Amino acid sequence: MQQKQRLVIIGNGMAGARLIEEVIARQGQRLFDITVFGEEPYGNYNRILLSSVLAGTHNPRDIFINPLEWYREHNVTLHAGSRVKRIDPTTQTVYAENDITASYDTLVIATGSTPFIPPLQNLHTADGTLQEGIYTYRTLDDCTSMINSASTARKAAVIGGGLLGLEAARGLLNRGLEVHVIHISPHLMNIQLDAPASQILKEMLERMGVHFALAKNTVAVLGNGKITGLAFADGTTLECDLCVLAAGIRPNVSLAQQAGLLVEKGIIVNDDLTCSLPNIYALGECVQHRGRTYGLIAPLWEQARCLADLLTGTAPTTYQGSKDSTKLKVMGVELAVMGEKEHHPEQDEIVTYAEPTRGIYKKLILRGGKLVGAIMLGDSPTTPRLLQLFDRGEIIPENRAELLFPIAGDSSAATTLKDLPDSTQICNCNGVSKGEIVAAVKSGKRSLKVLCEATRAGTGCGSCKPQVQALLELASDGLVVDDPSLHYYVPGVPLTKPQLIAAIKEQQLRSVSAVFQALANGKEDLGSKAGLASLLKTIWGKDYEDERDARFINDRVHANIQNNGTFSVVPRIYGGITSPDQLRRIADAADKYNVPMVKITGGQRIDLLGVPKDKLPDIWRDLDMPSGHAYTKAFRTCKTCVGSDFCRYGLGDSTALGIEIEQRFQGVEAPHKMKLAASGCPRNCAESTTKDIGVVAIEGGKWEIYIGGGAGSRVRKGDILCTVDTHAEALLYIGRFIQYYREHARYLERTYDFVERMRVEYLRQILIEDSEGICQRLDEEMQATIDAYVDPWQEAAQPATPTQFAQTLDVVAKIPAPY
């Protein structure tokens, strides 16, 4: 039996670990004993998803591609958390921390890249570490440190307006911080985008709440041991208490230089990915091939496939370089870029289309009848076709519009994908081709979730999921399987809502952490916490164990966060009826706290916008009014018309009924917000028929109760649940519907979707005719919820946690030039 060769890989990142997978897929374990060194004390994770971890949409556990046990299962020796200190090419030995050595027959260097640290004054402390509050953005530990810091920070600065910087901005924005992106170039993502595309992207991201300072040169950090701001070359400053350095990356070549390998920008490699010394190869972001370095994922995958072929003798493949093309999401905005971004006027044809208000920009650069560059910002179903034309260098059709817009009657993604060859790469993040996806479907992976898990397609930035779904439908012959997870109440607990409620009651689970421990094997899911907190409060009322870290920032401080990190304060004004005394208190508070905007809302209330977090308890005390719950998924307000008291058309006292409704149901939480209204006649001045619940007075002293109306992004007239004679009956049936909605709606399902899904006829049977015998219980549950209500603004006197309203930003004075 032939003795195995010793294959040592330095680097357990996305390139190094992908090489291991490719070697194993080619039965390489018959040829090699594989040893890999990784600086981080973990298995291999998807670095692309760090932005989702930072944003709170992914749990860190969920981004691991190959956890530690994977290496054991595949007989790969992993030295996790062991940094290689030097390579001795003469003895073919690798020396690592903790006195670990490994001899090799074949060595692969996959050390990736390191963050570029801009030469800022006062960046480091005396011991050489970054000042507190300053972070690079490259590893899972970096991400964890930022998350911990973001919990007490208010204003963040991101230095760098490239892809990495914008993703960091998205994550911090999601965590409630005011975010400023500082970029030395006049244009965002200037490596990938031209000026018009950059401007459209900037305007879209500004609407999301991000602030930008372009053509701005950062020169110094303010603060002593802890950052308090940044200083710029033009003499201005920016206060901040958190800063992310995202100014680019550099190939990590220090080990290669120490070993005597030929290095320029990166480690010089040949077409067979060999280095300048025998038996040493390199791949990934650390290499320079034919004068080029690569920072995108797709070239790394291509290099890993080529090198695995060469090492295992599978095919005499050589690496010919990669074309620059990628498809990704920037803060949720679809973007595809390929090739050149600027044209040569004397030889190129340019095709452009732009709709700035919709965030759409399309630009093609054609040369010699071929596509040499493209920018596709915003949703574009023709992108797969463009990528094929670019990668293959094919002659483009004479009708250029076909490249920008789907042909009439042929607009589906499936139609476009059907004609693509199996070799077409669908998922750039994980290097998954159309053929691999189709093969997985044919083998039985017939739900989107299972298909994505099996192939990894769609598990990176997610921009390819529509194409993956279309291929699933194409290849499954109509036998697509319903994914059970679509019916889970929250993604982190594999139970439908009825199953979840039953388990919670049976096991007496009264906190979010207890649910995760008992029903999710102890695995917490950030995206599930808020939904579970709402459900538990619905089930247990006053006996619910409130864990504040399970709530959104709005619910933690009982105010709605704004795009600049301040909050809006909306006191409750029952039925829209106020008094001179209340108005004076509101005016005095607005003056005292320098409130930038005082606005009358559509719900007949007054909104004080721009209140700092640490001033919330003070303004609540001065207002001496209850919370209007304008920040949470709960009963919001009951809009009223004048009704029979003053209106000559009034048939019922809608004002009195509206006040009764609001006083009874204030603070009742639900799967989504609920807006109510009471109208004194069918003229419907309070717009009751397009509210979640509305009551309308009609002839004979009666009231019609409408449910499932909407007038926001979706307009729907509500359905009549029943007609009643008295205010008391109206309150009874409104409460009964709300309780049933609380118990049976999906999390974040508005009443208009709920009513359509359940059908109003069925709801009448349940709630009016009592066909299931549950009406008494629903009424009792609602009454218990009402009895347990406590005005959350009482926490002004006794905060729930010591730092609930803490503001940590130090004030920074403008410093003189030259900073």
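The values are calculated or read from the model by the stated rules, or taken from the named source; none is laboratory data. Being a predicted model, the structure only gives us computed values, none of them experimental. Counting neighbours? That spans all protein chains shown, and the Cβs are built from the backbone with ideal geometry, glycine included. The area values use the complete protein model at the heavy-atom level, side chains included, leaving out ligands, DNA and RNA. Shrake-Rupley method; radii C 1.70, N 1.55, O 1.52, S 1.80 Å.
Just the number, please: carbon plus sulfur as a percent of the accessible area of the chain, 1.4 Å probe, no ligands or DNA/RNA counted.
It is 50 percent, rounded to a whole number.
Would you mind putting 794-802, 378-386, 46-54 in packing order, based on average other-beta-carbon counts within 10 Å, highest first?
46-54, 378-386, 794-802
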(message) Cut-off under 28 Å on the C-alpha distance; same-chain residues fewer than 8 positions from Lys4 excluded. Which lysines are left, in chain and number order?
(response) Lys85
(request) Normalise the Cα radius of gyration of the stretch 457-525 by 2.2 N^0.38 Å (N = residues in it) and let me know the number. (result) 1.48
(request) For an R0 of 25 angstrom, estimate the FRET efficiency from the Cβ-Cβ distance between Lys702 and Glu769 and round to the nearest 0.05. (result) 0.85
(message) Taking a ≥ b ≥ c as the square roots of the Cα gyration tensor eigenvalues, with a/c under 1.5 meaning rounded and otherwise prolate when a/b beats b/c, else oblate, which class fits the stretch 660-751?
(response) oblate
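222 nm [θ] for the chain, helices only, -39500 (n - 2.57) per DSSP H run of 4+, per residue, to 500?
-9000 deg cm²/dmol
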(request) For the stretch 194-307, would you read off the P(r) tail past 23 Å as a percentage of all alpha carbon pairs? (result) 55 percent
(request) Determine the shape class of the stretch 700-756: with a ≥ b ≥ c the square roots of the Cα gyration tensor eigenvalues, call it rounded for a/c under 1.5, and otherwise prolate if a/b is greater than b/c, oblate otherwise. (result) oblate
(request) Please give the per residue accessible area of the stretch 28-152, computed with a probe of 1.4 Å over protein heavy atoms only, in Å². (result) 45 Å²
(request) Excluding residues on the same chain fewer than 8 positions from Lys155, give the lysines whose Cα lies under 22 Å from its Cα. (result) Lys202, Lys216, Lys226, Lys613, Lys615, Lys814
(request) On the full set of protein chains, 1.4 Å probe, figure out the accessible area of Asp141 and give it in Å² to the nearest 10. (result) 70 Å²
(request) Mind ranking Arg683, Arg551 by accessible surface for me, highest first, 1.4 Å probe? (result) Arg683, Arg551
(request) For helix 654-665, report the angle its Cα long axis makes with the longest principal axis of the Cα atoms of the chain; keep it between 0 and 90° and round to the nearest 10°. (result) 50 degrees
(request) Consider just the alpha-carbon atoms of the stretch 747-798 and return their Rg together with their Dmax, both in angstrom. (result) 16.0, 47
(request) Please figure out what share of the DSSP beta bridges in the chain is antiparallel and state it in percent, rounded to the nearest 5. (result) 60 percent
(request) Determine the sum of side-chain charges near Leu377: Lys and Arg each +1, Asp and Glu each -1, restricted to other residues whose C-beta is under 13 angstrom from that of Leu377. (result) +2
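What whole-number value in Å² describes the accessible area per residue of the stretch 271-322 for a 1.4 Å probe? Mind showing how you got there, number by number?
On the way: 1860 Å² over 52 residues.
Ligands and nucleic acids excluded, the result is 36 Å² per residue.
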(request) Would you check the accessible area of Arg26, probe 1.4 Å, heavy atoms only, in square angstrom rounded to 10? (result) 50 Å²
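Express the accessible area of the stretch 668-796 per residue in Å², computed with a 1.4 Å probe while the remaining protein chains stay in the model.
Working: 5330 Å² over 129 residues.
For the stretch 668-796, the solvent-accessible area averages 41 Å² per residue.
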(message) Bins of 10 Å, beginning at zero and ending with the bin holding the largest distance: percent of Cα pairs per bin for the stretch 507-584, please.
(response) 16, 34, 26, 17, 6, 1
(message) Ordering Arg572, Arg456 by accessible area with a probe of 1.4 Å, largest first, what comes out?
(response) Arg456, Arg572
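To the nearest 0.05, how large is the calculated FRET efficiency for Lys599 and Asn399 if R₀ is 60 Å and r is the Cβ-Cβ distance?
0.75
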(message) Give the average over all directions of the projected area of the C-alpha convex hull of the stretch 661-819, one decimal, in nm².
(response) 15.2 nm²
(request) Just grab the label-to-label distance for Ala788 and Leu486, each label 7 Å out from Cα along the Cβ direction, in nm (one decimal). (result) 3.3 nm
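Can you sort Arg605, Arg664, Arg716 by 1.4 Å-probe accessible area, starting with the largest?
Numbers: Arg605 15, Arg664 75, Arg716 35 Å².
Greatest to least solvent exposure: Arg664, Arg716, Arg605.
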(message) A 18 angstrom limit on the alpha carbon distance is what I want to check against. Which of Lys599/Lys717; Lys370/Lys434; Lys599/Lys639 exceed it?
(response) Lys599/Lys717; Lys370/Lys434
(request) Any chance you could list P(r) for the stretch 78-185, counting all Cα-Cα pairs in 5 angstrom bins from zero, rounded to whole %? (result) 2, 9, 16, 17, 15, 11, 10, 10, 7, 3, 1
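Find the Rg to Rh ratio for the chain, where Rh is the Kirkwood radius over alpha-carbon pairs and Rg uses the same atoms. Kindly include the intermediate steps, with their values, before the conclusion.
Values: Rg = 30.3 Å, Rh = 30.1 Å.
That ratio is 1.01, to two decimals.
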